[in-house]
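J.: A single structure is presented below for examination.
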Amino acid sequence: MRLILRLTLRLTLRSPSPLNPNDRCRRLAQRATYTCSGLLALLLSGCVSGGRLLELPFDPGGRSLNSPYSDTHPAVSGRYVVSLSDRRGSQDLLLYDLQARTLIPIPGLNQWDVLIEDASVSEDGRWILFCALREGRSRLYLYSRDAQQSRELFPNWRASFRHPSLDARGQRLAFEVNVNGQWDIAVYDRNGQPLPIPTNPRN
Amino acid sequence: MKVAVGWAFCPWRREDYATVAPRAIVLCFLLLLLVGLGSCAAGPAPRALGPLNSRFSDRQPALSGDGRYLALMTDRNTQQELALYDLQTQQFIALPGVNRRDRLIESPSLSRSARYLVFLASERGRADVQIYDRLQRRGEILTLGYPGVIRNPSISPDGRYVAFESARRGEWNIEILDRGPGAGLDGPSGAAGQTAPVPGLPTPR
């Protein structure tokens, strides 16, 4: 950025060489164009074709959405974002508030023996659905921020779970499951009841 | 004695015709078959998708905010394609112009009423986040001009924010794209999401 500023300053402020007035005028116009395009590039640095990229604070202390460690698998819902981060030495789940620009504590979610793989959050930030590995098995958990605890869904299924998805109200959930020897999609409600759809996988 | 057929200068005789005719008929039949198959492959013939799960791989489910629609990736029509399923009527919904031969789609995500469909599309050697507006039947690239590799996009139910993973800083980080309050939102934030606070329990911020 400093380089761009210095270049634009030099281009605009350098004394004009002894040329005829026509050439001088043309060169001045050229410099004005360069300056304008430089300033425009500076202004648009946070923009892409679809909108504006949020300037999220990049905190080495680990109190923001991004850290110097790997931050992956974002899922945004309303003002909340869940993501997975390596900042504490293991792959932990984080809940971030886009409006307050802070991390929200989720006590009881990240357990030392649970490796979280993917997650989804409801729009009010109260429910978090996540797939995890524990004791060598793939599991699906639903975390309630009100109760501050996770409940394992379908503990009797001998299957792997992937790609959890929760609707905005946190009442309906969809996930990938390999109960039939291939990847199928299951749609259940929060209480573990299957939706009456043909070919909905059951145990 | 051999009898000449047709004009005098025609070198073929009746016996020649007898041997050539069956071969010609078979050849014509094969040609017609090829032409028929070719036109089938080239035309955008609508194909039935059947029930939600097929005997092929069905992956990456994404519920809409209202829980009625489900986006998924399916391999049932030989090519990996994006499909949209209505859980209420139990039917697939057509997505004209989304699945094309020249690009690979992954990681779908839906807004509240499934108006917006966000996915990662790889074409011409670059993966970009694209949004498809079902109301206007129009697709748009959201990350044109973004310097970096992109993965796993996700749209918020109101359609305002799109989160994705980026390798711009040499490691995976998260970027949040704000489409702005005037971007034709899909229902206000929290319209269907808020429930009455339960007394005695910590209220979510």
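We did not get these values from a lab; they are worked out from the coordinates using the rules stated. Because the structure is a prediction, the values reported are computed rather than measured. Because the Cβ atoms are built from the backbone with ideal geometry, glycine has one as well, and the counts that use them run over all protein chains shown.
J.: Which net charge results for the neighbourhood of B:Pro181, defined as the other residues with beta-carbon distances under 12 angstrom from its beta-carbon, given Lys and Arg at +1 and Asp and Glu at -1?
T.: Numbers: positive: A:Arg52, B:Arg160, B:Arg179; negative: B:Asp158, B:Asp178.
It works out to a net charge of +1.
J.: Here is a follow-up. What net charge is computed for the residues neighbouring A:Ser160, neighbours being all others with C-beta under 11 Å from the C-beta of A:Ser160, Lys and Arg scored +1, Asp and Glu -1? Don't skip to the end; give the middle numbers.
T.: Values: positive: A:Arg137, A:Arg139, A:Arg158, A:Arg162; negative: A:Glu117, A:Glu176.
For residues surrounding A:Ser160, the net value is +2.
J.: Calculate the spin-label point distance for A:Gln193 paired with A:Ser49, positioning each point 7 Å from the Cα along the beta-carbon direction, and give it in nanometres.
T.: 4.6
J.: Given R₀ = 51 Å, what would the calculated FRET efficiency be for B:Asp102 paired with B:Ala24, taking r from the Cβ atoms and rounding to 0.05?
T.: For R0 = 51 Å, the calculated efficiency reads 0.85.
J.: Let me ask something additional. Order these by the 10 Å Cβ neighbour count, fewest first: B:Thr74, B:Thr89, A:Thr199.
T.: On the way: B:Thr74 23, B:Thr89 9, A:Thr199 15.
Going from least to most buried by this count: B:Thr89, A:Thr199, B:Thr74.
J.: Net charge near A:Pro74: determine it from the other residues with C-beta under 11 Å of the C-beta of A:Pro74, scoring Lys and Arg +1 and Asp and Glu -1.
T.: Cβ neighbours under 11 Å give a net charge of -3.
J.: Moving on. Sort A:165-173, B:157-165, A:185-193, B:102-110 for me by packing, meaning the mean count of neighbouring Cβ atoms within 10 Å per residue, highest on top.
T.: So the peptides A:165-173, B:157-165, A:185-193, B:102-110, ranked by packing, come out B:157-165, A:165-173, B:102-110, A:185-193.
J.: Then there's this: Starting from the Cα of A:Gln182, move 7 Å in the Cα-to-Cβ direction to define the label point; list residues of the stretch B:61-77 whose amide nitrogen is under 12 Å from there.
T.: Counting only backbone N, you get B:74-77.
J.: If you don't mind, another one. Does the stretch A:42-121 classify as rounded, prolate or oblate by the C-alpha gyration tensor (a ≥ b ≥ c root eigenvalues; a/c under 1.5 gives rounded; else a/b over b/c gives prolate, otherwise oblate)?
T.: Working: a/c = 2.10, a/b = 1.79, b/c = 1.17.
In terms of gyration-tensor shape, prolate.
J.: Using a Förster distance of 51 angstrom, determine the FRET efficiency expected from the C-beta separation of B:Leu32 and B:Gln136, and round it to 0.05.
T.: With R0 = 51 Å, the Cβ-Cβ based efficiency is 0.75.
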